Amino acid sequence: GRHSMLPRHVQRLGRDWITHWNGSQILSLNSPVSSCMRWAGHSPPWASCPLPIPADFSANWRLPPFFGPWRQFQNSRWHLDNYTPSSCFHLPNPSMKSEGEEPSTKKRRLSGQHDTSAPEETNFSNWKEASCLSVAQNEGKRSSRKGTIKRHWEYFCQQSRTMKISENKESDQSNTESEGRFDFTVMSYNILSQNLLEDNSHLYKHCRQRLLFWTYRFPNILQEIKQLDADVLCLQEVQEDHYRAEIKSSLESLGYHCEYKMRTGRKPDGCAICFKTSKFSLISSNPVEFFRRDIPLLDRDNVGLVLLLQPRLHCKPSAAVCIANTHLLYNPRRGDIKLTQLAMLLAEIASVARQKDGSFCPIIICGDFNSVPGSPLYRFIKEGKLNYEGLAIGKVSGQEQFPRGQRILSIPIWPKKLGISQNCVYEIKQQQKEENAGEKLEVEKLDKTQEIVIASEKLSSKLQHHFKLSSVYSHYFPETGIPEVTTCHSRSAVTVDYIFYSAEKDDTTAQPGAEDSFNGGLKLLGRLALLTEKDLWTVNGLPNENNSSDHLPLLAEFRLIER
């Protein structure tokens, strides 16, 4: 053949492959080879497969004169970053080079242009896997495990009311418990259902195939849970068969009691709330199904779960904390469904958290809300009110830069027979609770009042809820204004996961508007810092070798303040 002087194995690989020949390196560059080479233009034919580079690889390569089509390689617009020696390249498609920048495929999709480029398929069956994760340049974010970005703990000092960075919060926890205070940690984590991963494989083209198997992912997820050691876990996308087979038993062996609600219909995943039995006891578990057969609007299978927990240590017998977990509908064009699902969850929380004196116990709401910071849905949660008159359904969640859902929200959004008022409370259950609390009112008077409220709401475009909620995270880094990211895959990198809490009245870490909270009771002590999109792409986005979900776990520490 044309290259008859080459060894047989080199001839078989073809002229478009880079390989090792007679123990020497055949591609040479004058500068150290990057651990992650990003392709700005179109990739060459061999770019979609891992390079068969031997263990004795070094940075001293030279261009082989016998390879024909190197003109395409030389003319392509490529660049090197993270100049550290490594054993392979990463050629992401589409590439995300900086925070706030969307992949080209998403840009074309949002602008209405047709994406004619065929998606790259990665074939890993013929090659032995090799580590392909970059190490972050920033030493402050580097850990002992290769390819891991270290997230630091941001702690709010009670004495000075200023933030300080603490790498170890255990010492502070022991001090507060010795003083008779009840401190606890809460995690919210979308662990990425395996079925959903496989059904949406186009979101994970940047990942090595072996990293996407459940047998690889679950040990990593469990290790994260062990290391973070939260007292309460709020998990989303928990696949039912995996939960029954190994997730539940594994968490129980760590001292957790688990409550689970599977999605309705044929959806195989759901939400779970797990808590340390050494810290809490269960008062009640209340699942919420958002599907209603008799209401066409509510035809989706999302669910929520609301627990009422009693602290075991340093608290009055009447003390309680309400923990809610949900995963709202993803569809960016159905803001009407999202708002109705949220109202149903808030109504259940109001029913569970209401105490005999009419006030609410402290509340924490976790989950994947499929809405971005600053969106109408987000503002409704934090501000407790929303006037949706004239609001397009595609703008409710803020997920799309150019919303495709242009239909205006109807007034009211949901029908009367749902049994939930515009104040996001159960109309009938609220009456029953008032009667059980000793408020002896005549039935006729209650019915008349209810009719008046419903009649006034028919023409109202204003939603309200009774909780003054704050967000654990600020969603932007104060020094740079760069957005925090809770999920990152081939198509987007945004914040959609949250931990909301009812703040103590004098909690200066709370968001504006929380200082007049009548139901307070929780002080934010600290949180596990989030990352930027740029940070995550230094380890090839999510999932990666050490982080096996496309979401980051959120973690916060609270102190229960008793009235």
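Throughout, read-outs are computed from the coordinates displayed, never taken from laboratory work. Model, not experiment: these values are computed from the prediction. Neighbour counts are summed over all protein chains in view; Cβ atoms, including those assigned to glycine, are modelled from backbone coordinates with ideal geometry.
Using 0.36 nm per residue, how much length does the chain from Asp229 to Cys315 gain when fully extended, once their Cα-Cα distance is taken away?
Value of the extension gain: 28.8 nm.
Amide H to amide H, with H built 1.01 Å from N, Gln239 comes under 5 Å of Gln194, Gly270, counting only residues 5 or more places away or on other chains. The phi-based Karplus calculation (6.51 cos²θ - 1.76 cosθ + 1.60; θ = phi - 60°) puts the 3J(HN,Hα) values of segment 305-312 at 8, 10, 10, 10, 10, 10, x, 8 Hz, whole numbers, x for Gly and Pro. Remark: segment 173-277 is approximated by an ellipsoid whose semi-axes, taken from the C-alpha gyration tensor as √(5λ), come to 29, 16, 12 Å, largest first.
For Asn387 and Ser278, calculate 0.36 nm times their separation in residues minus their Cα-Cα distance, and state this gained length in nm to one decimal. Each step should come with its number before you reach the end.
Values: separation 109, 0.36 × 109 = 39.24 nm, distance 4.35 nm.
Here the segment from Asn387 to Ser278 would lengthen by 34.9 nm.
In a reduced charge model with +1 at each Lys and Arg Cβ and -1 at each Asp and Glu Cβ, segment 229-322 shows a dipole moment near 300 debye about its Cα centre. Remark: segment 208-215, residue by residue, has Karplus-estimated 3J(HN,Hα) of 5, 4, 5, 6, 9, 6, 4, 4 Hz, where x stands for each Gly or Pro and the curve is 6.51 cos²θ - 1.76 cosθ + 1.60 at θ = phi - 60°.
Take 400-410, 346-356 and order them by the average number of nearby Cβ atoms within 10 Å per residue, most first; the result is 346-356, 400-410. Under 5 Å from the amide H of Phe182 lie the amide H atoms of Leu560, each residue being 5 or more positions distant or on a separate chain, with H modelled from the backbone and absent for Pro and chain starts.
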